[in-house]
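The values are calculated or read from the model by the stated rules, or taken from the named source; none is laboratory data. On a predicted model such as this, the values are computed, not experimentally measured, just so you know. For neighbour counting, all protein chains shown are included, and Cβ atoms are generated from backbone atoms with ideal geometry for every residue, glycine included. All accessible areas refer to the heavy atoms of the entire protein, side chains included, with ligands and DNA or RNA removed. Shrake-Rupley method; radii C 1.70, N 1.55, O 1.52, S 1.80 Å.
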Amino acid sequence: MKVSVDLDTCDGNGVCMSICHEVFDVREDGLHVLQSEAPEELRQQLLGAEVSCPTQAITVKD
Ligand code: SF4
């Protein structure tokens, strides 16, 4: 699954990291996407992070 984040929209609140720390990592310098090509096993967490992001910065595609 392809994961992308609009870093101009992201405000670094860490909601995505709390749902899927395998892919999202919020550090002092902002959000890092650890895997832009994430495995299928993470589908539920990724879709959960996508809908839960308060700024709708996350896009997940098959
Ligand atoms: S949940 Fe959205 S706004 Fe919050 S850190 Fe993740 S991508 Fe950024």
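Side notes on the structure shown:
- Subset tally (residues that are out of contact with any helix residue (DSSP H, G or I) (no Cβ under 7 Å at 6 or more places or on another chain), without any contact (Cβ under 8 Å) to a residue 40 or more places away in the chain and assigned to a helix (DSSP H, G or I)) for the range 36-55: 6
- Some residue of the range 13-32 being in contact with a Ser or Thr (Cβ under 7 Å, 6 or more places away or on another chain) and hydroxyl-bearing (S, T, Y): no
- Residue list for the range 36-62, restricted to those being within 12 Å of the ligand (Cβ to nearest atom) and open to solvent by less than 100 Å² (accessible area, probe 1.4 Å): L46, G48, A49, E50, S52, C53, P54, T55, A57, I58, T59, V60
- Residues (under 18 Å from D62 (Cβ atoms), in a loop (DSSP other than H, G, I, E, B) and either within 12 Å of the ligand (Cβ to nearest atom) or within 9 Å of the chain's Cα centre (by Cα) (or both)) located in the range 1-35: C20, V23
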